[in-house]
Amino acid sequence: MNILVTGGAGYIGSHTCIALLQNGFDIVVMDNYSNSSPDVIGKIETLSGKKFPAYECDMLDVSGFERIFQENKIDAVIHFAGLKAVGESVEKPLEYYHNNLTGTLNLFRLMKKHGVNRFVFSSSATVYGMDNKAPFTEDMPLSATNPYGWTKYMIEQITRDACRANPNLKAALLRYFNPIGAHPSGLIGERPNGIPNNLMPYIMKVAIGKLPMLHVYGDDYPTPDGTGVRDYIHVCDLATGHVKALEALDSISGARAYNLGTGKGSSVLDVVHAFEKASGVKIPYQIDPRRAGDIAVCYADPSRAKAELHWEAKYTLRDMCRDNWNFIRKNP
């Protein structure tokens, strides 16, 4: 089976490409490299021992997008491509809605034109909004708190509607919690352009001296140490989840949502201390006021993914920190 991976050079996309190749799938990668690097393609080939077509293309470039479908027999799509910085989405909402929604509509039109009826979408736990209580289950009411989150919400709805209109279209909507970690080889990991948006890249920049300290937003939440609690999941576990979802698509009717998380919450300071143990490096931090839109506790109920996809997370927080440190030492 030949899988088109949009955003395949990105953090989660690149790890998923390796998992797909290791599980006997063929891939075609598309990426515009706006938040990734072309050298990742060679690293995926090195780690998998396999070559594959890779296109530098933007989702808004309809003719370039079309060429990928014309030159390759595509059997399924895993869709990662999109702008993904929460803060930036608040500053540039129109850019986020245009890029993420129009790009996805372009993809769906091409899938329909070329008879592609298998789809796995990179969604997010942000679709659970502010009002649900952890653990989050897939049947909870959905909402969002920023334009990035609303694009995930809207693409999920577009996918459900497309599946209702086309009974042959089958889709898995994978709601990620907080991906961290890196490939155990240290060859690939998360390297965001500019100021990091997520906790672990921020910790790593402090660890190697590129930033003076970590800013911890709020220590007065109703949690064991007062800092926010999140469900951190190893990116390699996440990658396996995409393979399992792809394999299960034939048994899915329409569009089906799945949480990809460990089902356990760790606080910001839990992650800091686990990283310090894994690396031997002290991480200085400063407590700042809470950020608007942050909730106290967020973790998954992953039981549906376990029952229907036969998937569950295997890596521990210690594993995640170890692999992150290994990656940053090899790629300072």
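The values are calculated or read from the model by the stated rules, or taken from the named source; none is laboratory data. These numbers come from a predicted model, not from an experiment. Glycine gets a Cβ as well: all are built from the backbone with ideal geometry, and neighbour counts include every protein chain shown.
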Next on the checklist: If I filter the stretch 81-95 down to residues being in contact (Cβ under 8 Å) with a residue 60 or more places away in the chain and of a type in the set (A, V, I, L, M), which single residue comes out as nearest to PHE121 (Cα to Cα)?
Outcome noted: ALA81
Next on the checklist: Of everything in the stretch 159-186, what is outside any loop (DSSP other than H, G, I, E, B), buried (at least 20 other Cβ atoms within 10 Å of the Cβ) and either modelled with pLDDT under 95 or of a type outside the set (A, V, I, L, M) (or both)? Give them in sequence order.
Outcome noted: THR159, CYS163, LYS170, ARG175, TYR176, ASN178, PRO179
Next on the checklist: Of the conditions (1) in contact with an Asp or Glu (Cβ under 8 Å, 6 or more places away or on another chain); (2) under 17 Å from PRO184 (Cα atoms); (3) free of Cβ contacts under 8 Å to residues at least 12 places away in the same chain, GLU45 satisfies every one except a single condition; which number is it?
Outcome noted: (1)
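Give me a count of the residues in the stretch 187-208 that are at pLDDT below 70 and farther than 23 Å from ASP231 by Cβ.
Step one: of the stretch 187-208, the residues at pLDDT below 70 are 192-196.
Going one step further and asking which of them are farther than 23 Å from ASP231 by Cβ, we end up with 193-195.
Residues that pass the stated criteria total 3.
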Checklist entry - Considering only strands (runs of 3 or more DSSP E) fully contained in the stretch 227-327, which possess at least 1 residues that are under 24 Å from ALA172 (Cα atoms) and of a type in the set (Ser, Thr, Tyr)? => result 232-234, 255-260
Checklist entry - Among the residues of the stretch 80-98, is any more than 30 Å from ASN197 (Cα to Cα) and either in contact with a Leu (Cβ under 9 Å, 6 or more places away or on another chain) or among the β-branched types (Val, Ile, Thr) (or both)? => result no
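Within 30 Å of PRO167 (Cα to Cα), surrounded by 18 or more Cβ atoms within 10 Å (Cβ to Cβ), among the basic types (Lys, Arg) and at pLDDT 95 or above: which single residue out of ARG304, ARG256 fits that description? Lay out the reasoning, then the answer.
Details: ARG304 fails: surrounded by 18 or more Cβ atoms within 10 Å (Cβ to Cβ).
Just a single option satisfies the conditions, and that option is ARG256.
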Checklist outcome for this item: Checked against (1) in a helix (DSSP H, G or I); (2) in contact (Cβ under 8 Å) with a residue 12 or more places away in the chain; (3) under 28 Å from TYR285 (Cα atoms), PRO201 satisfies every condition except (2)
Next on the checklist: Six or more apart or on different chains, Cβ atoms under 6 Å: show the pairs whose first residue is in the stretch 215-235 and free of Cβ contacts under 8 Å to residues at least 60 places away in the same chain and surrounded by fewer than 15 Cβ atoms within 10 Å (Cβ to Cβ) and whose second is outside any loop (DSSP other than H, G, I, E, B) and of a type in the set (A, V, I, L, M).
Outcome noted: ASP225/LEU269
